[in-house]
Every structure is written in structure tokens, then in C-alpha cells.
Amino acid sequence: MNTQKIIFSGVQPTGNLHLGNYLGAIKQWVNLQKVYDCIFCVVDYHAITVRQNPDQLRRQVLDTAKIYLACGINPKKSLIFRQSDINEHAELAWILNCTGARMSDLENMTQYKDKAGKDANASVGLFDYPVLMAADILLYQTNLVPVGHDQVQHLELTRDLAKRFNHDFGQVFTIPEVQLQKTGARIMGLDDPTKKMSKSAASPANFIALTDEPEVARKKIMRAVTDSGAEVIYDPETKPAISNLLTIYHLLSGIDIKTLVKKYQGRGYGDFKKDLAEVVAEFLTDFQAKLERFSDEEVEKIFARGAKKLKPIAKETVKNVKEKLGLL
Ligand code: AQP
């Protein structure tokens, strides 16, 4: 690693990665890797905060890395690794649990409230997930974390934990900044534009998975809920559904939103959706052709290389932390 900015981000290998994950997070990774030292993790320890089928999890870890590669992450430029290959993630999370994280911090996390709801059987891991995320980021002295909007609150906590530790025990951690896309940081569900597109949504009509058959995706776009009225207008407040579809169209085609609005003036939702369905289907066809090129063996080699380079950095951070605490 040289002295330039360090970028860290990751995705949970749970369910089907979707257009929200791509447009909100992974797409910006591809550009960032041209300029910075990037580390992209498949965060399997996060995945087990809810019960997983072991065989399926093994498969999804590899498939998630293949998605990174098919999206354009270059393993010769960026490091890709599996979180559980570096045990310092869990070790630092425990230390941060004890040194800076407060019950009140975690009780305020909206994602926990959304996911656990009133389920008394929700795991402690699900509650504590933001502290593990902080450990992931802080281990590598990360400067920038490119994520979707739903992770902003977790990033704030990461910054707080780092500041508290540095203040209470002495300087160890770099304070990371969040990096959001100008548009696309919050892609909404196709079945409900008031909630974000999510892998764990109750209905597959909520999302376009990156592995959806192009024909299936086409139908999902045609059936996506729309707003009252018939005009293609960009106004997320009053027209959340059509604004979300315009955002997806813009990000996949590169055509700016103003031009799209002009193009569909007076033409209604039908024409607009038909064209967007085509854009999405073309994107998926191209993406899935790339996805097929990567083998499990290749991914395992990329993971091994990532872990080999990153383990010493993680070890060094944990050593510094332990020294400050009197554990070494
Ligand atoms: N709808 C979204 N719009 C923009 N960005 C999004 N991200 C997730 N959903 C959207 C971003 O994708 C990255 C990886 O997310 P994750 O898999 O680690 O977990 P998540 O944020 O909880 O995503 P999901 O899809 O909603 O998964 P489940 O349903 O498993 O919780 C992150 O940068 C996230 O911001």
C-alpha cells in the first residue's frame, strides 16, 4: 500500500444482489479504484447475523465476489477478500464493543429497528452489526467508505467509535468519511417507492436482482407501481415511483434526467416503462455474460491474495489497539 487514500466497502452475501446494491454502491467502487487503493470485502460475518443455510452461504460468498468482478472491479488493482479469512475483524469488534460502543448508540440504529422489529429472538449479532462494520473499516485505516444512503448512520457510529478510542486511549484510528452517489444513493423498491430496494424484501417484485433473467426483469419494470397521474416528471416528493424509475434509467443509460423527462413529455408511463425495461434487460444481458467468465477457483485465489496482503495491516492495527489498552 502507498500513502494515498484508502477506500473500503463491502456487501453481505445474502440473497440476490440487486440494482440498488449496484447503483448505490458497487458502481462507484469501479470509478474509485482508478484513483485510490481500494479494498472490497465480502462481509460473511455480517451475513450470519440472521440464520443462513451453510451450503447456500458458501455459494453466495463466491457469487458475491463474482458480481464484484463482473461489475468491473479489477483484482489486479483492488484487493478483494472474504471477511472471515481475517479474524482481526471479530477481535476488533469485541474491543470496540467494550471501549466505545454504547447500548444507546445501537438502540438508535434504524436498520436494526427495521430488521429486528419486535422479534425477541433477533440475534445479538444483528444488534451489534454496526460495531463489526466499524471494525471492518477501522482495521485498514480507511479514508473513504463508498456506500448507499442506508449505511450513513452506521458510518456516523464508526466515526464516533474511532474518535472516542483515539481520545480515550491515544491515536490509533483514521477517521473515515462517507462517500455517497449524487443520484442513486437510495434506489427504492419497485413495489413500494417509499422503502428502499432490499434483498430481504418480502416480494421479489421489490427488486431487480443482477441475476434476474432479462425477461423477468422486463416484466418487473412493466409491473412496477407508478404514481397517480400519467406524466413522467422527476419529483421524489410528489412522484416517488416515477422519480425512482427515472433515476434507474439515468444511471443505466447515462442520459441525464432532464433529457429523459423531455423525451417522454406527453407520452405517458407505458412508453417510458417499455423503454426502461429494454435498457434494464440490455444491462442484465451484458452483465450476466461477464458474470459467467469467472470460476470458483479464480475467486478463491483472489480471496487468498487479498487476505495475504491485508492480514498484516489488520494485525498491526489490532496490535496498536491492544498496546493502548494494556493487553500487550
Ligand atoms: N436500495 C438501495 N439503494 C442504494 N444503495 C443500496 N445499498 C443497499 N440497498 C440499496 C447499498 O449496497 C451496499 C451493500 O448492502 P448490504 O448487502 O451490505 O446490506 P444492506 O444495505 O442491508 O442491503 P440490502 O440489499 O437491503 O440487503 P438486506 O436486505 O440483506 O439487508 C451498501 O453500501 C448499501 O448501502
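Read the figures in this text as sums done on the coordinates, not as results from a lab. Values in this document were obtained by computation on a predicted structure and should not be read as measured data. For neighbour counting, all protein chains shown are included, and Cβ atoms are generated from backbone atoms with ideal geometry for every residue, glycine included.
Report the per residue volume, in Å³, of the convex hull enclosing the C-alpha atoms of the chain.
139 Å³
Pick from PRO193, PRO312, PRO214 the residue whose mean-square fluctuation is largest in a GNM of the chain, springs joining Cα atoms under 10 Å.
Looking only at PRO193, PRO312, PRO214, the largest GNM fluctuation is found for PRO312.
What's the center-to-center distance, using Cα atoms, between the stretch 99-148 and the stretch 227-274 in Å?
35 Å
Inverting the mean 1/r over all pairs of different Cα atoms, compute the Kirkwood radius of the stretch 206-293 and quote it in Å.
Working: mean 1/r = 0.0750 Å⁻¹.
This gives a value of 13.3 Å.
Please give the direction-averaged projected area of the C-alpha convex hull for the stretch 141-191, in square nanometres with one decimal.
3.9 nm²
Let me know the Rg and Dmax you get for the stretch 6-78 when you use only its Cα atoms, in Å.
12.3, 38
Find how much the distance from GLU316 to GLU300 grows on full extension, using 0.36 nm per residue of separation minus their present alpha carbon separation; answer in nm with one decimal.
Full extension from GLU316 to GLU300 adds 3.3 nm.
Within the chain, what's the longest stretch lacking GluC sites (Glu not before Pro) that sit in DSSP loops with no more than 11 other Cβ atoms inside 10 Å?
That would be 1-236.
If R₀ is 45 angstrom, what is the calculated FRET efficiency for the pair ARG293 and ARG102, using the beta carbon separation as r and rounding to 0.05?
About 0.45, to the nearest 0.05.
Give the long-range amide H neighbours of PHE207: residues separated by 5 or more places, or on another chain, with amide H under 5 Å away, using H modelled in the peptide plane at 1.01 Å from N.
LEU190
Let a ≥ b ≥ c be the square roots of the eigenvalues of the Cα gyration tensor of the stretch 57-108; is it rounded (a/c under 1.5), or, if not, prolate (a/b larger than b/c) or oblate? List each step's numbers first, then the result.
Working: a/c = 2.54, a/b = 2.31, b/c = 1.10.
Prolate shape, in that a/c is at least 1.5 and a/b is the bigger ratio.
Would you compute, for the Cα atoms of the stretch 106-261, the largest minus smallest coordinate along each principal axis and list the three values in descending order, in whole Å?
Its Cα atoms span 59, 39, 31 Å along the three principal axes.
Under a 5 Å amide H to amide H cut-off, with H placed in plane at 1.01 Å, what residues pair with HIS18 once short-range neighbours are removed?
For HIS18, the qualifying residues are LEU210.
Projecting each Cα onto the charge dipole of the chain (Lys/Arg +1, Asp/Glu -1 at the beta carbon, about the Cα centre), which of GLY125, PRO176, PRO204 comes out farthest on the positive side?
PRO176
Can you list residues whose amide H is under 5 Å from VAL42's amide H, if they're 5+ apart or on another chain and H is modeled 1.01 Å from N?
Residues meeting the criterion, in which the H sits 1.01 Å from N, are PHE81, ARG82, GLN83.
Among ASN121, ASN53, ASN74, which one shows the highest mean-square fluctuation when the chain is modelled as a Gaussian network with alpha-carbon springs under 10 Å?
Highest fluctuation among the options: ASN121.
Kindly provide the helix-only [θ] at 222 nm of the chain, computed as the sum of -39,500 (n - 2.57) over DSSP H runs of four or more divided by all residues, to the nearest 500 deg cm²/dmol?
-16500 deg cm²/dmol
Taking the convex hull of the Cα atoms, report for the stretch 267-328 its projected area averaged over all directions, in nm². Write out the running numbers ahead of the final one.
Details: hull surface 35.0 nm².
Taking a quarter of the hull surface, the average projection is 8.7 nm².
Hey, got the Cα dimensions of the stretch 113-173 along the principal axes, in Å, largest first?
Here the spans come out as 39, 26, 15 Å, largest first.
Which whole-Hz ³J(HN,Hα) couplings does the stretch 128-141 yield from phi under the Karplus relation 6.51 cos²θ - 1.76 cosθ + 1.60, θ = phi - 60°, glycine and proline marked x?
With the stated coefficients, the stretch 128-141 comes to 8, 3, x, 6, 5, 4, 4, 4, 3, 6, 6, 4, 9, 6 Hz.
Can you tell me the alpha carbon radius of gyration of the stretch 27-127 divided by the globular rule-of-thumb value 2.2 N^0.38 Å?
Working: Rg = 16.2 Å, N = 101, 2.2 N^0.38 = 12.7 Å.
Cα-based Rg divided by the globular estimate yields 1.27.
Under a GNM of the chain (C-alpha, springs under 10 Å), which listed residue has the highest mean-square fluctuation: VAL232, VAL261, VAL30?
Taking springs between Cα atoms under 10 Å, the residue moving most is VAL261.
Mind checking the stretch 66-167 for trypsin sites (Lys or Arg not before Pro) that DSSP puts in a loop (not H, G, I, E or B) and that have at most 10 other Cβ atoms within 10 Å?
On the way: sites: LYS66, LYS76, LYS77, ARG82, ARG102, LYS113, LYS115, LYS118, ARG159, LYS163, ARG164; in loops: LYS76, LYS77, ARG102, LYS118.
Taking the stretch 66-167 and a limit of 10 other Cβ atoms within 10 Å, the loop trypsin sites (Lys or Arg not before Pro) found are LYS76, LYS118.
If you consider only alpha-carbon coordinates, what radius of gyration and Dmax does the stretch 171-328 have, in Å?
21.6, 70
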